[in-house]
1. Going by C-beta contacts inside 10 Å, put 96, 116 in order with the fewest on the left.
2. Cut-off under 25 Å on the C-alpha distance; same-chain residues fewer than 8 positions from residue 3 excluded. Which lysines are left, in chain and number order?
3. Angle check, please: helix 125-136 long axis (alpha carbons) against the longest principal axis of the chain (alpha carbons), in degrees 0 to 90, nearest 10.
4. Explain nothing, just the number: dipole magnitude of segment 17-93 about its Cα centre with +1 on each Lys and Arg Cβ and -1 on each Asp and Glu Cβ, in debye rounded to the nearest 20.
5. Whole percent per 5 Å bin, from 0 to the bin with the longest distance: what is P(r) over all C-alpha pairs of the chain?
6. How do 184, 70 rank when sorted from fewest to most other Cβ atoms within 10 Å of their own Cβ?
7. Contour minus end-to-end for residue 68 and residue 129, with contour as 0.36 nm per residue of separation and end-to-end as the Cα-Cα distance?
8. Considering only the other residues whose Cβ falls under 9 Å of the Cβ of residue 177, what net charge follows from Lys and Arg at +1 and Asp and Glu at -1?
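Here, each number is a calculation from the coordinates, and none is a lab measurement. Computed from a predicted structure; not experimentally measured. Backbone-built Cβ (ideal geometry, glycine too); neighbour counts: all protein chains shown.
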Amino acid sequence: MLKALLWDVDGTIAETERDGHRVAFNLAFAELGLDWGWDERRYGELLQVTGGRERLLADMRTRADAPASTAERETLALRLHAAKNRHYAALVTQGRIDARPGVLGLMREAAAAGLRQAIVTTTSRSNVDALMPRLLGEDWRTLFEVVLCGEDVARKKPDPEVYDRALARLRLAPGQALAIEDSTPGGQAAQAAAVPVMLRPSVYFPARELPEGWRGWFCGPQQALSVPVLREHHAA
Ligand code: XBP
Ligand code: MG
């Protein structure tokens with residue numbers, strides 16, 4: 001029986017990658033005087049690497065103009081990542097990032113229906129703390145029993161660690177929860193933790209169906225969301 005919704009953030013609650021993170025990374029490159037830039041195509045490729053700092057390091061490994069030593073790259077990635085998250089928070093404050101259709105209503109409906117909810121993301125906690133009050137108001141935390149972020153795990157998605165930790169904190173079996181995800185790495189993390197997943201594709205992950213072998217279902221962009229719909233699919 002469905003007892004809890006485990007929400008991914010980036011791409012699932014809002015199109016944060018398109019409207020926030022990519023724009024903020026480019027502002028960070030400019031701030032640090034680097035002639036680097038990620039267009040949408042390149043950023044889409046880089047989203048296979050989860051974690052902003054890890055994404056920066058992956059990109060540097062392909063660049064001739066990146067620092068030569070590992071230590072210098074690590075230092076630069078840390079500085080860029082801190083600047084990026086600062087720019088991201090500013091974009092959120094400016095109202096540049098809206099929730100995806102149906103998401104906030106579903107969160108409130110789920111709470112009213114007695115479903116437990118958690119945030120299960122690999123983004124930095126500062127990004128969650130910037131985005132969620134903007135979307136849901138200052139009392140947003142009352143909707144979520146558990147909020148797990150990138151800093152809370154040793155291994156980011158597609159590793160199942162963040163899902164395993166959320167289930168442990170909620171004291172639930174995987175089959176009692178539903179992961180709501182937009183991306184392949186996010187869905188893989190849920191699957192590896194044996195949590196059924198509703199995959200609702202975002203702009204950078206335009207899947208058309210659930211990959212073979214995944215437990216859960218695919219939710220098309222126009223499909224209306226409601227607790228009865230989730231319960232019905234989860235029980236199927
Ligand atoms: C999100 C990520 C994050 C964000 C940026 O994955 O991969 O890295 O792009 O956040 P998910 P940070 O949607 O599975 O949570 O820069 O704070 O890592
Ligand atoms: Mg996501």
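1. Working: 96 14, 116 19.
Fewest-to-most Cβ neighbours within 10 Å comes out as 96, 116.
2. Filter leaves 156, 157.
3. The angle comes out at about 50 degrees.
4. 140 debye
5. Once binned at 5 Å, the Cα pair distances of the chain give 1, 7, 14, 19, 20, 16, 11, 7, 4, 2, 0.
6. Starting with the residue having the fewest Cβ neighbours, the order is 70, 184.
7. Values: separation 61, 0.36 × 61 = 21.96 nm, distance 3.47 nm.
Length difference between fully extended and current span is 18.5 nm.
8. Around residue 177, the surrounding residues sum to +2.
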